[in-house]
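Derivation of every value follows stated rules applied to the coordinates shown; laboratory data play no part. Quick caveat, the model's predicted, so the values are computed rather than measured. Cβ sites come from the backbone with ideal geometry, for glycine too, and all protein chains shown count toward neighbours.
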Amino acid sequence: RRNFSYMDIILALCAAGVYGVADYCGGRASRSVSAMTVTFVGQSFGFAVLLVLVLASGVPTPPASDWFWAGLGGIAGSTGLIAFYKAMGSGFMAVVAPVSALTATAVPVIVGLSLGERPSVLSLCGIPVALVAIALISDILGPNHRRAPRKIFVMAFGAGSVFGSLFVILGHTSDNSGLWPVLAMRVTSVPFMFMVMYFTKNKPSTARPQLKFVAGSGILDTAANALYLLAVRHGLMSIVATINSFYPASTLMLAVGLDKEKIHRPQAIGLVLAGVALIMITVS
């Protein structure tokens, strides 16, 4: 059912880039807006844009199984985003970023290999190189690295596990369902987040000062999910997920360009290793 092509690589790289920009927007907004508000308002914007695109596409609605699994993934993904944004805002980004990214990568890689995917030897060797690269890019050895409390580590691990499971769910939806599975995620996640907002007494209006970043996080996260879905439908999940794990690179580039953060030597090495890993996967 699944072969790997250069188009899958390009789509996975695009998904990684867009995920990284979405994370930057969400993290930027979470500095002054609660993680719950950022998630709810952002996903609401993403839902509105996606609804127009799906209805305009003319693709018929998918089977009930796609609605069920994608809907379940939407609730899980929202919960993971809350934990991720909250952990990122704790001051331990150097721990949260690599733990969540590596966990999110490991889950679909393990599932893909267990289901019989057999990438080439060079691709398999590229996977651990990519994992090391993403840990370095996330500044795990940077000067600001501190030992995080167990609670923060658990939140980062939990968020990464949820994201990885979501990638697996998207990879097993029907090939001819278009973007309906991504819409199904928002059909459940937005009402779920509304209830969470209501019971925790968070108000959407508090997002107004950071609305451009909040809206950007939701719209771009939705777009990244769509790109990942297109990549994983015909490519190997283990390879697509590995390439998708490069998303902290675009977050880093934005932080350097817009927030004037400095790239540390381990991060620079990580960017080089990411290029090496991509070449190993691509040429195999």
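With the crude spin-label approximation of a point 7 Å out along Cα→Cβ, what separation in nm comes out for VAL59 versus LEU122?
3.2
Hey, for a label at ILE263 modelled as a point 7 Å past Cα toward Cβ, could you say which residues of the stretch 234-254 have their backbone N under 15 Å away?
247-254
Based on DSSP H runs of at least 4 residues, each adding -39500 (n - 2.57), what is the mean residue ellipticity at 222 nm of the chain after dividing by all its residues, to the nearest 500 deg cm²/dmol?
Working: 11 runs with 218 residues, N = 284.
After summing the helix terms and dividing by residue count, I get -26500 deg cm²/dmol.
Which links in LYS151/LYS212; LYS212/LYS260; LYS151/LYS260 stretch past 27 Å when you go from one Cα to the other? Present the calculation step by step, with values, prior to reporting the outcome.
Values: LYS151/LYS212 30 Å; LYS212/LYS260 20 Å; LYS151/LYS260 30 Å.
Table pairs above 27 Å Cα-Cα are LYS151/LYS212; LYS151/LYS260.
Find out how many positive minus negative residues lie around ALA159, taking Lys and Arg as positive, Asp and Glu as negative, among other residues whose Cβ is under 12 Å from that of ALA159.
Numbers: positive: LYS86; negative: ASP23.
Taking every other residue near ALA159 into account, the sum is 0.
With charges set only on the Cβ (+1 for Lys and Arg, -1 for Asp and Glu), what does the dipole of the chain come to about its Cα centre, in debye to the nearest 20? Each step should come with its number before you reach the end.
On the way: 19 positive and 9 negative charges, 166 e Å.
Charge dipole, the chain, about its Cα centre: 800 debye, nearest 20.
Going by a ≥ b ≥ c, the root eigenvalues of the Cα gyration tensor, does the stretch 159-284 fall in the rounded group (a/c under 1.5), the prolate group (a/b larger than b/c) or the oblate group?
Numbers: a/c = 2.56, a/b = 1.19, b/c = 2.15.
Since a/c reaches 1.5 but b/c is at least a/b, the shape of the stretch 159-284 is classed as oblate.
Post the alpha-carbon centroid distance, the stretch 252-284 to the stretch 83-133, in whole angstrom.
15
Pop the C-beta distance of VAL256 and ASP175 into the FRET formula with R0 = 45 Å and round what comes out to the nearest 0.05.
Working: r = 39 Å, r/R0 = 0.86.
E(calc), rounded to 0.05, equals 0.70.
Going by the alpha-carbon gyration tensor, a ≥ b ≥ c the square roots of its eigenvalues, is the stretch 1-135 rounded (a/c under 1.5) or, if a/c is not under 1.5, prolate (a/b greater than b/c) versus oblate? Can you show the working numbers first?
Values: a/c = 1.89, a/b = 1.10, b/c = 1.72.
Because a/c hits 1.5 or more and a/b fails to exceed b/c, the stretch 1-135 counts as oblate.
Rank ILE169, PRO181, SER217 by how far each Cα sits towards the positive end of the charge dipole of the chain (+1 on Lys, Arg Cβ; -1 on Asp, Glu Cβ) and give me just the farthest.
SER217
What percent does the relative contact order of the stretch 13-107 come to when contacts are Cα pairs within less than 8 Å and at least six residues apart? If you can, show how the numbers build up before the last one.
Values: 25 pairs, mean separation 36.8, N = 95.
Normalised by residue count, the contact order of the stretch 13-107 is 39 percent.
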